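Some notes on the structure that comes next.
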């Protein structure tokens with residue numbers, strides 16, 4: 001009953017600078033055909049499916065044009081560039097290295113100022129131009145004098161709005177100065193700016209160019225980002241082998257997001273998948289926590305453990321993951337790894353449904369229809385099923401059809417609507433196909449023709465005035481066959 005995961009992507013960026021890359025483990029070596037698990041061709045398909053849902057957040061505002069690379073410069077990444085198509089989607093990345101002008105930064109800057117004034121420290125900053133209460137000015141002076149680290153930190157300050165007015169274009173310019181001076185953090189963040197069109201014109205090719213430089217400098221976040229570029233063929237020629245190797249390098253530096261990508265790309269059946277997902281989950285990658293919970297629940301890649309499954313779902317649900325809320329709701333509905341609690345199940349379904357999860361909308365509708373852990377309300381059930389049906393949920397289409405066929409509970413009886421709904425669900429749901437055939441046998445040719453003139457949008461679109469007022473209730477019965485949820 002669960003749909004394929006479509007996960008919003010947040011690429012992690014915490015990493016240890018200067019950490020050497022770990023040597024490849026024997027069982028992690030990528031070959032054209034791996035007897036230990038998934039082949040490269042299979043992994044390419046998994047990567048394509050997995051990442052296809054992660055780049056649909058819409059274009060960011062373009063604030064300025066990107067200057068061209070200096071003439072005569074090139075990298076191996078540029079040499080591999082090919083056309084990536086006219087239907088590019090935004091790389092929804094948030095990959096800047098996690099450094100801000102914090103209270104600690106301010107205190108450190110003030111300590112530097114005091115040390116210089118006491119003659120204990122000399123550097124490139126003119127003491128007469130610096131205020132003890134203005135650490136950003138310290139950075140600015142150093143940055144203007146060519147200090148690459150100061151240029152990076154100043155870019156970060158403008159990107160975050162810490163200590164200065166937030167200005168993404170200014171952030172990009174300081175990142176560029178630092179990147180050109182060899183600062184790997186800045187190279188990575190400049191790549192992220194190009195990928196998102198954040199403060200500069202969006203360019204997948206330029207993003208890959210800067211990520212390649214940073215990755216070559218051992219930057220784990222850039223290795224993870226460049227891996228995504230190779231996995232999706234954005235800005236570079238698609239190459240799953242390169243993607244996996246880059247993620248392995250980043251994962252070797254304990255980059256949690258790269259560990260998550262490896263786990264998802266290898267696929268559930270591959271023995272390496274769970275190991276990487278667990279590492280990422282232990283570092284609070286929310287989607288990895290949900291995936292680990294699923295592995296424990298189904299005993300895939302690890303011994304089945306429903307208690308562990310519920311615990312991992314809880315971790316991710318607490319952080320707002322809709323899929324985890326849905327799955328944990330199921331745990332409470334059926335008593336999987338937790339004590340059965342229909343009220344808690346309905347509460348969790350509500351949270352996931354509020355985020356647009358179609359299965360949760362369907363399940364919550366069932367809870368309202370039968371009064372399972374929540375006050376019975378047919379109108380709310382029908383409304384939720386319409387929301388799920390708008391996303392193509394076949395179970396919701398089926399139950400809506402039954403509701404219209406029966407009438408009197410949430411909607412007025414309307415066989416034409418029922419016909420349209422059963423017909424829409426029939427290819428995905430055997431019960432709907434049976435309901436359609438039975439309904440057709442009871443309808444005249446004229447009635448069928450009129451029903452066929454209706455569109456599914458008319459039926460599951462905005463609630464019609466006739467449906468706003470709940471129809472008169474009939475005696476309790478489930479003879480029409482409203483479907484309860486089945487175990488997945």
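The values are calculated or read from the model by the stated rules, or taken from the named source; none is laboratory data. Small disclaimer: the values here were computed from a predicted structure and weren't measured. Virtual Cβ from ideal backbone geometry, glycine too; neighbours counted across all protein chains shown.
Inside segment 312-337, can you point out the residues that are in a loop (DSSP other than H, G, I, E, B), more than 20 Å from residue 484 (Cβ to Cβ) and touching a helix residue (DSSP H, G or I) at 6+ places or on another chain (Cβ under 7 Å)?
In the first step, residues of segment 312-337 are kept if they are in a loop (DSSP other than H, G, I, E, B); the result is 319-321, 335-337.
Filter once more, so that each one left must be more than 20 Å from residue 484 (Cβ to Cβ): 319-321, 337.
Residues satisfying the conditions are 319, 321, 337.
Please find, among 214, 243, the residue that is crowded, with 23+ Cβ neighbours inside 10 Å and touching a residue at least 60 places away in the same chain (Cβ under 8 Å).
On the way: 214 fails: touching a residue at least 60 places away in the same chain (Cβ under 8 Å).
Residue meeting the stated conditions: 243.
Return yes or no: is residue 376 surrounded by fewer than 21 Cβ atoms within 10 Å (Cβ to Cβ), modelled with pLDDT of 95 or more, within 37 Å of the chain's Cα centre (by Cα) and not in a helix (DSSP H, G or I)?
Working: surrounded by fewer than 21 Cβ atoms within 10 Å (Cβ to Cβ): yes; modelled with pLDDT of 95 or more: yes; within 37 Å of the chain's Cα centre (by Cα): yes; not in a helix (DSSP H, G or I): yes.
In short, yes.
What do you reckon, is residue 368 in a helix (DSSP H, G or I), in the same structural domain as residue 335 (by TED's automatic domain parsing), without any contact (Cβ under 8 Å) to a residue 60 or more places away in the chain and more than 28 Å from the chain's Cα centre (by Cα)?
The answer is yes for residue 368.
Got a sec? Which of 324, 317, 360, 389 is over 27 Å from residue 299 (Cα atoms) and surrounded by 24 or more Cβ atoms within 10 Å (Cβ to Cβ)?
On the way: 324 fails: over 27 Å from residue 299 (Cα atoms); 317 fails: over 27 Å from residue 299 (Cα atoms); 360 fails: over 27 Å from residue 299 (Cα atoms).
The unique qualifying residue is 389.
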>> All but one of (1) over 18 Å from the mean Cα position of the chain (by Cα); (2) under 21 Å from residue 219 (Cα atoms); (3) buried (at least 24 other Cβ atoms within 10 Å of the Cβ) hold for residue 262; state the number of the condition that does not hold.
In response: (1)
> What do you reckon, is residue 293 more than 27 Å from residue 404 (Cβ to Cβ) and outside the structural domain of residue 386 (by TED's automatic domain parsing)?
Replying inline: yes
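Residues to consider are 283, 308, 238; find the one that is in contact (Cβ under 8 Å) with a residue 24 or more places away in the chain, within 23 Å of residue 218 (Cα to Cα), more than 20 Å from the chain's Cα centre (by Cα) and surrounded by fewer than 23 Cβ atoms within 10 Å (Cβ to Cβ). Steps first, answer last, please.
Values: 283 fails: more than 20 Å from the chain's Cα centre (by Cα); 308 fails: within 23 Å of residue 218 (Cα to Cα).
None of the other options fit; the residue is 238.
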